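*Asks:* Structure below; questions to follow.
The values are calculated or read from the model by the stated rules, or taken from the named source; none is laboratory data. The structure displayed is predicted, hence computed values, not measured ones. Quick reminder, even Gly has a Cβ in these numbers, built from the backbone with ideal geometry, and neighbours come from all protein chains shown.
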């Protein structure tokens, strides 16, 4: 499904019952150990190779042209120093795999008869959280990085999507199943205590995002409107479940995909205001909201900060309704198209989600168009070079989780 189609599928059925919530009881869980899953090496069923058509090198960004912070000096890492996790059903059920960003070192992380989803590395790269038995009794599992010592945590809670580690690695947030209200829960990985963060404010549209200190979380929630369809609003809540607060934004809007800045109390998000269209905004906790110059023109533009906080990226449409992938500096004095249909060498090109690498220089993405294979992961350097196919036949619901770099 391309990003164009995604814009039409973002309506959620969960509505909030009230803006304020009473003090929430904690739900204490006992971790249930599963048999240790020994990781096994795997040979890629589709060896990495360049796209079928060559990209227009004259249109590719370069160290001289990009003028982005990540491109100001040569990178100190090779793409093979980076690794990522994803899900594929190569063995007839969904398993977690890990691979280096140059396509080498592919290894199977999980090996069982259930369906896995949404692998997420811990901030130190030593643990892996993922969903097990998706669509049946989906539960959150935490294992060592290689898949060993896997344990189900919060076994009484169905876990579906929105799996996010706190910056400290102490907590994992996940969304519960629809029969449990679709709320966000924060699980303490040391005590296995799970706290309901959003009872009465069902989250929607994109993963929640932690503050730099890991003590607060921002998320979007659906607000009922007696005069018309529901709207989506932004809320913050403390990681212990207290202090649910709505962020200020003009009434009659739709806003979602919030991302907390990696080092400051500034929240990047996308908003849709009647008469003004789609725009990108930055909100602070004191209630101020600034509209950015960026013009995504997309109902779903996936705005996000780079891991070092010096840039942000988004997906946009040009005046001919062609897809563009932009990277801009914080101040927006530089806003560069790093990939579009002309660079891709195809009349139609789309991008299905993108994921920043921890070096703030590479991105992984799912693309569509003549140059791109369906359900394949590509990696590109935003400072120049052709996007490279890393692995294909990836599960269509998979996402990419980059393994953090030690000491960064």
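*Asks:* Which numbered condition trips up residue 333, out of (1) surrounded by fewer than 22 Cβ atoms within 10 Å (Cβ to Cβ); (2) touching a strand residue (DSSP E or B) at 6+ places or on another chain (Cβ under 9 Å)?
*Replies:* For residue 333, the failing item is (2).
*Asks:* Does residue 222 qualify as being touching a residue at least 24 places away in the same chain (Cβ under 8 Å), in contact with a strand residue (DSSP E or B) (Cβ under 9 Å, 6 or more places away or on another chain) and under 24 Å from residue 233 (Cβ atoms)?
*Replies:* Yes.
*Asks:* Filter region 111-124 down to residues that are closer than 26 Å to residue 211 by Cβ, in contact with a strand residue (DSSP E or B) (Cβ under 9 Å, 6 or more places away or on another chain) and part of a loop (DSSP other than H, G, I, E, B), then give me how many there are.
*Replies:* Here the count works out to 2.
*Asks:* Is it true that some residue in region 138-155 is more than 23 Å from residue 84 (Cβ to Cβ) and without any contact (Cβ under 8 Å) to a residue 40 or more places away in the chain?
*Replies:* yes
*Asks:* Residues of region 75-96 being touching a strand residue (DSSP E or B) at 6+ places or on another chain (Cβ under 7 Å), closer than 18 Å to residue 396 by Cβ and free of Cβ contacts under 8 Å to residues at least 60 places away in the same chain, which ones?
*Replies:* Residues satisfying the conditions are 95, 96.
*Asks:* How do the strands (runs of 3 or more DSSP E) wholly within region 157-255 filter down when requiring 2 or more residues that are under 30 Å from residue 115 (Cβ atoms) and at pLDDT 90 or above: which remain?
*Replies:* Answer list for region 157-255: 171-175, 184-188, 193-196, 203-210, 216-223.
*Asks:* Sticking with this structure for a sec: Would it be correct to say that residue 100 is at pLDDT below 80 and within 20 Å of residue 387 (Cβ to Cβ)?
*Replies:* In short, no.
*Asks:* In this structure, does residue 141 turn out to be under 17 Å from the mean Cα position of the chain (by Cα) and under 23 Å from residue 396 (Cβ atoms)?
*Replies:* no
*Asks:* OK, next. I'd like to know if region 96-106 contains one or more residues that are assigned to a helix (DSSP H, G or I) and buried (at least 19 other Cβ atoms within 10 Å of the Cβ).
*Replies:* No, region 96-106 has no match at all.
*Asks:* Can you find even one residue in region 293-312 that is touching a residue at least 12 places away in the same chain (Cβ under 8 Å), surrounded by fewer than 19 Cβ atoms within 10 Å (Cβ to Cβ) and not in a loop (DSSP other than H, G, I, E, B)?
*Replies:* Scanning region 293-312 turns up no residue that is touching a residue at least 12 places away in the same chain (Cβ under 8 Å), surrounded by fewer than 19 Cβ atoms within 10 Å (Cβ to Cβ) and not in a loop (DSSP other than H, G, I, E, B).
*Asks:* Then there is this: Has region 262-278 got at least one residue that is assigned to a loop (DSSP other than H, G, I, E, B) and surrounded by 15 or more Cβ atoms within 10 Å (Cβ to Cβ)?
*Replies:* yes
*Asks:* Moving to a separate point now. Residue under question is residue 316, and the condition is that it be assigned to a strand (DSSP E or B) and farther than 30 Å from residue 174 by Cβ; does it hold?
*Replies:* yes
*Asks:* Looking only at region 279-292, how many residues end up being within 16 Å of residue 209 (Cα to Cα) and crowded, with 18+ Cβ neighbours inside 10 Å?
*Replies:* Total meeting the criteria: 3.
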